[in-house]
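Data first, discussion second: the structure below is written as structure tokens.
Values quoted throughout were computed directly from the atomic coordinates according to the rules given, and no laboratory measurement underlies them. This is a predicted model, so every value here is computed, not measured. A quick note on method: Cβ atoms are made from the backbone with ideal geometry, for glycine too, and the neighbour counts reach across all protein chains shown.
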């Protein structure tokens, strides 16, 4: 079969790219080779549009063992303990087939983590849907939540934190990002770099089927009205097999049989074999007749491009084959030597005793195209005049926010996830960050995910900074020292220069904040082409952060602990209402600038709050984010049995601005009144601005002369949306 | 006290129960499902999880596994058997306990802390609890909706074979406090001889104050007596 423009286009390649392929091969590729190129050169695998921008991110630090470029990032948490983590998107498959799309998103990210020798200890997710009134939203929400739960619950790894947001921008392109966190011994980490020639290349796990063929290419194109027809490209997950694969891999990893290991994720057998060979500057030869297949008469093309789940490729040390095979047989998994490493620096594919494809590895990897796409700077958005909006009461506005889909209590979702399996979840979702104890140790990690798409849309540099800072704050409020992040960069079409500008500038913001806070990026994933019919989604970078609690004595959450505690507001309140949740929920307005970030204040405030927590002055703590001070205080009440009595601000400031403003770098701390002198001393010594804003009290949520609501009513207001949806 | 925890492919609470047993000073062994004999045990635990992926029906394939014949033999000779969550489902699949576990009434997986009331404390599993004591334990299941026929239900009541019922924090067993639709709020039952206990809530998740609470501890300490 000849290769014409239509075939090239069907493979998601541009005609110019095809010309490069011919040049690299010095001949025309056959269809199998074209398929392999398309799998390696698509946006999802090659990062061709993002690479030059990603390079700018800070990825090193004294706690970083492995930054981006491996299956996941690795950080050092002391005593030979390492944490391995990564976040990844599964947006396109989840829109087409929400249950399987979300489930395999979880499965894929788990493999990235256990491939490196870690036992996964926590799952997180960030999911974004269209407007609740959109006809597809309800079934997408149901499908995605049960898919995430279905996979995590079955494999037995707790789903401990996440965020769920709704906005029209995702009506036709939802976001499903899954993050996995694992624990390994520092001296037992496995990498994907092949070493040595004539080493056995082993296929383990599930059999290969025809599912997911060209999945990575699908994830690298925009949707159109016929997207439903792409359903066959969505993979089907089997968490049971993944559990077996996890246990078998960890069992084999106890000794030194493995040279390199790589999961078959996007672009399956193709990318796993090419990546291992490429990292080791070797060649790899595969005998495709040996690939375990689920269906009859599968062609080499189908085998190389299938994205069937729960498969791994392993390069074994000489003489370890029998030992390894025994382990996989114990777990009833396929174990087949399908090839060997070579010194040819080529990917050689054999089938029925013939070479059916042969491509230099570097043509697929290092010579893959890299684009410096055109991008435009975002103009500073115009300020809006807050006074032009009708004045509404504090109470009315608060109720509107607390009962909105974006701010309603999410237990309808989190109750569908097993949060406790493994018995090390010291703090479940519902607080600023989840806390997972390291098994058999005193120490724990805190984990959180965050995004702020409307801030990023309005002004990407500030938005990028803000999410990193919010994530950092969420780790601090539970008493963890922030260590590193992973990011999932969900954007529209990179061929559009405004989208590319949003990408470049969000990354600039992320970079600045990460650098200043010494909060490096150790892994991540880019998802472009999120949009339908030329309508791009809001730029939605998602940050997943990990922090360390050296000695976990009592998990700290944001629920008030007792009556008559003092409430301290750390950080200055200016009353920034542009881009606020107040305007969005009350007036459906998403205009103006995002709140400013002052990284110096951010760092100082955060470090001193952490110090106060470590010295046991803090009974509960919460960062102030969407909805401002009043929403943060409500959340602290709703989770507890106590309300508040808040004084009117002493300074001359509009009450709406004071209570709903989304100024950054702020925290609320609950402290015992006896602690005040010590706390005051520490705060003053460190030049931290703070205000005494009031006290906790029984029964009522009260703002002097303005609001008095029974906290049971507040709870009800916050807990009805999902149940009625 | 010697305990054995049966590990099926897809079990995922096996480590949790082993940790709890060791904490309570049991001499515990993990038994792989392909084994054909059991070490001498005073207690056999079938842990929670998704044995064989819950394919066919939860617990159905495990109920036909090699090791399960040994468990049945041991039970007949009076060994104590504890099935938690998927373990309870497996016990009903083998017929060691009567009745069955249906899909939750809301057709969703449910994970949350629930209150259960101790209905019988004169057994090897519950002697350290007070009668009608309310425990706060965690549930995590898709199929926890216990159902049985009216004859068996009568027998359960008559012979005091209901171990736990879902309740509120005061022990009210109103249907309002039933998370999954189980008949008469039943959360756990015994066999006739009371040497087998099947329960949906996870006592092994409640043995550590730092993580949750200590309401599960007395189940294990009862067994040590």
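From helices alone, chain A scores -10000 deg cm²/dmol at 222 nm; the rule is -39500 (n - 2.57) for each run of n ≥ 4 DSSP H residues, then divide by the residue total. A Förster distance of 35 Å, applied to the separation of the beta-carbon atoms of residue A:392 and residue A:678, puts the FRET efficiency at 0.30. Entry note: the stretch A:647-692 has Rg to Rh equal to 1.01, where both radii use alpha-carbon atoms and Rh is the Kirkwood radius. Of the peptides A:699-705, A:258-264, A:387-393, the order by per-residue mean of other Cβ atoms within 10 Å, starting with the highest, comes out as A:258-264, A:699-705, A:387-393. Quarter the surface of the alpha carbon convex hull of the stretch A:604-725 and you get the mean projected area, 8.5 square nanometres. As a proxy for reagent exposure, ranking B:124, A:311 by other Cβ atoms within 10 Å from fewest up yields B:124, A:311.
Across chain A, the relative contact order, built from alpha-carbon pairs under 8 Å that are at least six residues apart, equals 15 percent. Run the numbers on chain B and let me know its relative contact order in percent, using alpha-carbon pairs under 8 Å that are six or more apart. This gives 19 percent for chain B. When only alpha carbons are used to place a centre, the stretch A:390-419 and the stretch A:253-286 end up 46 Å from one another.
Considered as an equivalent ellipsoid built on the Cα gyration tensor, the stretch B:2-224 has semi-axes of 24, 19, 17 Å, the largest given first.
Of the beta bridges in the protein assembly as shown, as assigned by DSSP with both residues counted there, near 75 percent are antiparallel.
Its relative contact order, with pairs defined as Cα atoms under 8 Å and 6+ residues apart, puts the stretch A:640-725 at 49 percent. On a 0 to 90 degree scale, rounded to 10, what angle separates helix A:599-614 from the longest Cα axis of chain A? Approximately 80 degrees, to the nearest ten. Here the mean projected area of the convex hull built on the C-alpha positions of the stretch A:480-533 is 4.2 nm². Counting Cβ atoms of other protein chains within 10 Å of each Cβ in B:205-212 and taking the mean gives 5. Taken over the stretch B:149-225, the convex hull of the Cα atoms encloses 116 Å³ per residue. When A:505, B:209, A:495 are sorted by how many other C-beta atoms sit within 10 angstrom of their C-beta, beginning with the fewest, the order is B:209, A:495, A:505.
Residues A:412, B:32, ranked from the fewest to the most other C-beta atoms within 10 Å, line up as B:32, A:412.
Angle of helix A:321-330 to the longest C-alpha principal axis of chain A, folded into 0 to 90 degrees and rounded to 10: 60°.
Under a Gaussian network description of chain B, with springs only between Cα atoms under 10 Å, the residue in B:184, B:154, B:204 that fluctuates furthest is B:154. Taking the C-alpha atoms only, the angle from helix A:268-279 to the longest principal axis of chain A is near 90 degrees.
Taken along its principal axes, the alpha carbon cloud of the stretch A:28-177 reaches lengths of 51, 49, 30 Å, longest axis first. What the Cα atoms of the stretch A:317-362 give is an Rg and a Dmax of 14.2, 38 Å. Put the Cα centre of the stretch B:195-215 next to the Cα centre of the stretch A:153-169 and the gap is 25 Å. Pairwise alpha-carbon distances in the stretch A:458-555 exceed 21 Å for 36% of all pairs. When restricted to Cα atoms, the stretch A:228-370 yields an Rg and a Dmax of 15.5, 48 Å, respectively. A quarter of the convex hull surface defined by the alpha-carbon atoms of chain A gives 29.6 nm² as the mean projection.
I need the Debye-formula profile for the stretch A:512-616: one equal scatterer per C-alpha, no solvent, reported as log10 I(q)/I(0) at q = 0.19 1/Å, two decimals. Values returned for q = 0.19 Å⁻¹ are -1.34. DSSP beta bridges confined to the stretch B:2-224 are antiparallel in about 60 percent of cases. Hydrodynamic estimate: the Kirkwood radius of the stretch A:311-424 over Cα pairs, inserted into Stokes-Einstein at 25 °C and 0.890 mPa s, corresponds to D of 106 µm²/s.
The stretch B:107-164 and the stretch A:50-82 have Cα centres separated by 48 Å. Peptides A:290-301, A:243-254, A:84-95 ranked from most to least packed give A:84-95, A:243-254, A:290-301, packing being the mean of other C-beta atoms within 10 angstrom over each peptide's residues.
Per residue, chain B reaches -6000 deg cm²/dmol at 222 nm when only DSSP H runs of four or more residues are counted, each adding -39500 (n - 2.57).
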